[in-house]
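First up is the structure itself, then whatever we jot down about it.
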Ligand SMILES: Nc1nc2c(ncn2[C@@H]2O[C@H](COP(=O)(O)OP(=O)(O)O)[C@@H](O)[C@H]2O)c(=O)[nH]1
Ligand SMILES: [Mg+2]
């Protein structure tokens, strides 16, 4: 799958640019308005590998279910989950495979995007190194500033060289103060001065899920913060490996998941396995490294569109 974003002065123009470059088969994944610049952005995808079947073949129930089964196999979705998704998809009286798969995803997972307004519980992004936590904090803080929502940013990533500087580069641009918590005690003190009118986002050091000491250090920071630990994972990966990673972070309290690098991911079996095994609610997705692109909320239909991009355009036309 090739993903690209197009920015223009109007939504129609941005759509036109996407169609011009990616062709009529391009699937619109997300549309956003940037109030700061008055521009519109369209993120669209095009399947570069041969799709499993042509959308027009989905003119009856069997074809739709077959398409879903093929997609689940392509994504490497584990058998028990695939069976659950297929069972629910089979009960939906729609020809559109996207809506059928979405019904299955809705049944199998909880979806709960991060709120963008205070008051809400502080959020700490946790996960393995390189998952996209720091960029994620920058995205969340940027969204708050754009919406004129007061926001506090704290980092606990003090051991890694450049950890503080990386996030500071963003807070400086946004004109907000970066608070640094050297240890759980300092974090507890900092949390006492957070007010309920502000959103609070806390960056954490990358944690090796198989290292008990690192997990225990992370747990101490989480407990001191009173924040909700939200797991950030790169969406691709081996399903069984991802399950173990999900389990490890569940053990320190994560109950929500943000998936990153969807622009570099073709197979979602690993992400779904992690969410299912560790009972993590699906919150948001990142489809670009650029801070301005932000996080996108995810719901069953948008996830189904990511998983079956070759059917997404037809689905939109049929249910516009
Ligand atoms: N292509 C792509 N790269 C991303 C995405 N999110 C983060 N990255 C990149 O992944 C790398 C690690 O991100 P960072 O936020 O530093 O990860 P952290 O170690 O979890 O804090 C950086 O080079 C980011 O630009 C994404 O959605 N797509
Ligand atoms: Mg980081």
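The values are calculated or read from the model by the stated rules, or taken from the named source; none is laboratory data. Values in this document were obtained by computation on a predicted structure and should not be read as measured data. Neighbour counts run over all protein chains shown; Cβ positions are idealised from the backbone, glycine included.
What are the residues in the stretch 222-237 that are at negative phi and free of Cβ contacts under 8 Å to residues at least 60 places away in the same chain, if any? Residues satisfying the conditions are 223, 224, 235, 236. Residues in the stretch 97-120 that are closer than 23 Å to residue 142 by Cα, surrounded by fewer than 16 Cβ atoms within 10 Å (Cβ to Cβ) and more than 16 Å from the chain's Cα centre (by Cα): 117, 119, 120.
A quick yes/no check of all residues on (1) surrounded by fewer than 24 Cβ atoms within 10 Å (Cβ to Cβ); (2) out of contact with any helix residue (DSSP H, G or I) (no Cβ under 9 Å at 6 or more places or on another chain); (3) over 27 Å from residue 40 (Cα atoms):
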site	(1), (2), (3)
251	yes, no, yes
262	no, no, no
266	yes, no, no
272	no, no, yes
275	no, no, yes
294	yes, no, no
297	yes, yes, no
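All conditions in (1) on the phi > 0 side of the Ramachandran plot; (2) surrounded by fewer than 18 Cβ atoms within 10 Å (Cβ to Cβ) hold for residue 132, with the sole exception of (2). Counting only residues that are modelled with pLDDT under 95 and within 30 Å of residue 211 (Cα to Cα), the stretch 111-163 holds 6 of them. Counting only strands (runs of 3 or more DSSP E) that sit wholly inside the stretch 154-249, those with at least 1 residues that are in contact with a helix residue (DSSP H, G or I) (Cβ under 6 Å, 6 or more places away or on another chain) and farther than 30 Å from residue 76 by Cα are 178-180, 199-203.
Is it the case that residue 197 is in contact with a strand residue (DSSP E or B) (Cβ under 8 Å, 6 or more places away or on another chain) and either away from ligand 2 (no atom under 13 Å from the Cβ) or modelled with pLDDT of 95 or more (or both)?
For residue 197, the condition - in contact with a strand residue (DSSP E or B) (Cβ under 8 Å, 6 or more places away or on another chain) and either away from ligand 2 (no atom under 13 Å from the Cβ) or modelled with pLDDT of 95 or more (or both) - is not met.
Just to be sure before I move on: is residue 225 under 30 Å from residue 176 (Cα atoms), more than 14 Å from the chain's Cα centre (by Cα) and not assigned by TED's automatic domain parsing to the domain that holds residue 84 in the structure I sent? Taking the combined requirement at face value, the residue satisfies it.
Suppose the filter is assigned by TED's automatic domain parsing to the domain that holds residue 219, within 13 Å of ligand 2 (Cβ to nearest atom) and more than 18 Å from residue 177 (Cβ to Cβ); does residue 127 pass it? First the steps, then the outcome.
Values: assigned by TED's automatic domain parsing to the domain that holds residue 219: yes; within 13 Å of ligand 2 (Cβ to nearest atom): yes; more than 18 Å from residue 177 (Cβ to Cβ): yes.
Yes, satisfied.
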